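To start, the structure under review is shown below, and the notes come after it.
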Amino acid sequence: MADKLKRIDGRKSNELRPMTAKVGVVPNADGSAMFAFGNTIAIAAVYGPRLLHPQHMQNPATGILRCNYDLLSFSVNDRKKPGPSRRSQEISKMTEWALLPVLDLKEFPNTVIDVQIYIIQADAGTRTAGINAASLALAHAGIPMKNLVCSVAIGKQDKDIVTDLTKAEEDFEGGEGPTDFPLAKEANTNEFTLIQLDGKIPPERVKDVIEFANQACDEIYEVQKKALKEVVEQ
Ligand code: CDP
C-alpha cells in the first residue's frame, strides 16, 4: 500500500525515529544504559539488589523493583519544575509494571532493585524510551530476566496510525485529535506488559496499533541486542 501520509518530519507511518542505544554509561551503577528515539534521550541506572530499608517493607519471598522516572528541568522547552509530580509518579509505577513480568526476583529476598530513569532531552515518547533503557540496564546489571522489554508509542494523525510520535505530532489537534498509545512487550512474543491510551481510537483500529507496535518492537529489540553485545564483546 502506498504511504500517502505526510508526517511533519517526513517519516513513513510505520517508521521509528533513528534509535541509539548504549550500555554501561554510568560506571558507578550496577547496570546502566541510554536509549534514544531521535531527540528523546533516556538514561537508566540500576542499583542493587540491596537490603531494603525500612525493614518492615522487606518481603522474605522476593526482591522488589522500584523505578523512579524523572524528566529533568531543561529537557523540555518550558523549564519543568524540579522534583516529583503526579505525572512522574504515574510513569514510575507503570514502568515497574511494564518490566516486572520479565524479572525473577525470588533469588533476592528482602532486597530492592532501584532503577533511576532520567530523561535528559524530551521530544515525546519519554516513558517508552525510559523502559527500553531500563530493560537494558537491568540486563547489564545481571538481574535474571526471561526476556528484554521493548516499548514504543503508537499514535494517530487524524485517521492514520503512526509509529513513535514526536512532540509536534502529539500536539497536532487537526482531524480526530491527538491519540497516544504507549505500549511495551516482551521481545519476540505476543505478551504485552503495558498498554496505555491517551485520546480516542475506534476499537476496530486497535489491531492496526498492535501490528505497528509489533513491527516497531522487533526493530527496537535489534538495537537493544546490538548494544548489549557491544559490552559483552569488549
Ligand atoms: O513523554 P511521553 O510521551 O511518554 O509522555 P507525555 O506525558 O505524553 O509527554 C509528552 C511530551 O510532552 C514529553 O515527552 C515532553 O516532550 C513534553 N512535556 C513537556 O514539555 N513538559 C512536561 N512537564 C511534560 C511533558
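The values are calculated or read from the model by the stated rules, or taken from the named source; none is laboratory data. What you see is a predicted model, and the numbers here were worked out from it, not measured in a lab. So basically every Cβ, Gly included, is an ideal-geometry build from the backbone, and we count neighbours across all protein chains shown. Note: accessible area is taken over every heavy atom of the protein model, side chains too, but ligands, DNA and RNA are not part of it. Shrake-Rupley method; radii C 1.70, N 1.55, O 1.52, S 1.80 Å.
Restricting region 194-229 to residues that are without any contact (Cβ under 8 Å) to a residue 12 or more places away in the chain and of a type in the set (Asp, Glu) leaves a set whose member that is least open to solvent (accessible area, probe 1.4 Å) is 222. Looking only at region 95-128, residues that are out of contact with any helix residue (DSSP H, G or I) (no Cβ under 6 Å at 6 or more places or on another chain), on the phi < 0 side of the Ramachandran plot and near the ligand (Cβ under 10 Å from one of its atoms) come to 2 in all.
Taken over region 24-44, the residue count meeting the criterion of being open to solvent by 10 Å² or more (accessible area, probe 1.4 Å) and over 18 Å from residue 152 (Cα atoms) is 7.
Checking each residue in region 36-61 for being away from the ligand (no atom under 14 Å from the Cβ) and in a loop (DSSP other than H, G, I, E, B) picks out 52, 53, 54, 58, 59, 60, 61. Residue 131 satisfies every condition listed in (1) of a type outside the set (Ser, Thr, Tyr); (2) touching a residue at least 60 places away in the same chain (Cβ under 8 Å); (3) away from the ligand (no atom under 11 Å from the Cβ) except (3). Only residues that are of a type outside the set (S, T, N, Q) and modelled with pLDDT of 90 or more were counted in region 170-198, giving 14. Per this entry, residue 104 is not counted among residues that are touching a Gly at 6+ places or on another chain (Cβ under 8 Å), in contact (Cβ under 8 Å) with a residue 12 or more places away in the chain and of a type in the set (Asp, Glu).
Of the strands (runs of 3 or more DSSP E) lying entirely inside region 156-226, those containing at least 1 residues that are hydroxyl-bearing (Ser, Thr, Tyr) and away from the ligand (no atom under 14 Å from the Cβ) span 192-195. Among the residues making up region 75-89, those that are open to solvent by 80 Å² or more (accessible area, probe 1.4 Å), assigned to a helix (DSSP H, G or I) and within 11 Å of the ligand (Cβ to nearest atom) are 86, 87.
Criterion applied to 137, 153 was being over 24 Å from residue 205 (Cβ atoms) and surrounded by 16 or more Cβ atoms within 10 Å (Cβ to Cβ), and the one residue passing it is 137. Take the conditions within 16 Å of the ligand (Cβ to nearest atom) and among the acidic types (Asp, Glu) and apply them to residue 30. Does it pass? Spelling it out, it is not the case that residue 30 is within 16 Å of the ligand (Cβ to nearest atom) and among the acidic types (Asp, Glu).
Which of the residues that make up region 9-23 are of a type in the set (Asp, Glu) and either open to solvent by less than 50 Å² (accessible area, probe 1.4 Å) or within 16 Å of the ligand (Cβ to nearest atom) (or both)?
The one that is of a type in the set (Asp, Glu) and either open to solvent by less than 50 Å² (accessible area, probe 1.4 Å) or within 16 Å of the ligand (Cβ to nearest atom) (or both): 9.
When region 52-73 is limited to residues that are of a type in the set (A, V, I, L, M, F, W, C) and surrounded by 12 or more Cβ atoms within 10 Å (Cβ to Cβ), the one that is nearest to residue 132 (Cα to Cα) turns out to be 67.
Residues 119, 161, 113, 131: which one is closer than 21 Å to residue 34 by Cβ and more than 16 Å from the chain's Cα centre (by Cα)?
Exactly one of 119, 161, 113, 131 is closer than 21 Å to residue 34 by Cβ and more than 16 Å from the chain's Cα centre (by Cα), namely 113.
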